[in-house]
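Data first, discussion second: the structure below is written as structure tokens.
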Amino acid sequence: MSWFSALYRSAVGKKAVMAVTGIILFGFIVLHLIGNLKLYEPGLYKAPGETGPGVRYINAYGLFLRHVGEPALPAYGALWIFRIVLLVAVILHIWAAWQLTLMSRAARPRAYASRPKIHTTYASRTLRWGGVIILLFVIYHLLDFTAGTVNPGFVEGDVYRNVVASFSRWYVSLFYILAQMALGLHLYHGLWSLFQSLGWNHPRFNHWRSGFAHAFAWIITIGNVSFPLAVLTGLVHK
């Protein structure tokens, strides 16, 4: 286990932790956006053979998440397993980022008398503050749509109603939009760094690497920002 311990304490090991947890979080963000796009699906969902009035598609999606895995798992069982995996990934991601920051400071105990000009993107320069904004947003997001404690019209299981009730408040929508912009910058820099950590760093395909990171970040940002804007403009309403 000596090699594992050495890897664990090294910068390479911590970058590997950030890469693996980053992949998990990237995957969740994509699936989360795809599921939320059901907010725009018209009509009502009816299960095969159902004769009732049906429910909105995004509500049916929420119901599916709460009961997926039954009867092998109890209600909410698979959802809680997924939440625990995400929580562990977030904690390890933050821990690895903080440890790398401490290692970087320890390697340079004295500040530069004249800081050299190093090419850095705006995303990388604002990465730490962006991470703080995202963390605060996630906490509020859970209180808003999971616990319902800060949502004035929260109804358990009625995802559509909860989204409209929350985003009808302009200041909540503004906070959400700003958080998604911070997330977009974080995603861009995270993907760029992920490829580099995996050794995929070569002038021959760095152009494609940058293009993919930009496209991924823009798609996620635009998709997520569209939800509060749709409510504020009346496209999605009660």
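Could you calculate the FRET efficiency of Ala75 with Val155 from 1/(1 + (r/R0)^6), where r is the beta carbon distance between them and R0 is 25 Å, rounded to 0.05? Working shown, then result.
On the way: r = 18 Å, r/R0 = 0.71.
Rounded to the nearest 0.05, the efficiency is 0.90.
Suppose the chain between Ile34 and Ile91 were pulled fully straight at 0.36 nm per residue; how much longer would it get relative to their current alpha carbon spacing?
18.1 nm
Calculate the spin-label point distance for Ile222 paired with Leu63, positioning each point 7 Å from the Cα along the beta-carbon direction, and give it in nanometres.
A separation of 3.3 nm, rounded to one decimal place.
Any read-out appearing in this document is the output of simple, stated calculations on the displayed coordinates, not a laboratory observation. Since we're looking at a predicted model, the values are computed, not measured. In this analysis, Cβ positions are derived from the backbone assuming ideal geometry, glycine residues included, and neighbour counts consider all displayed protein chains.
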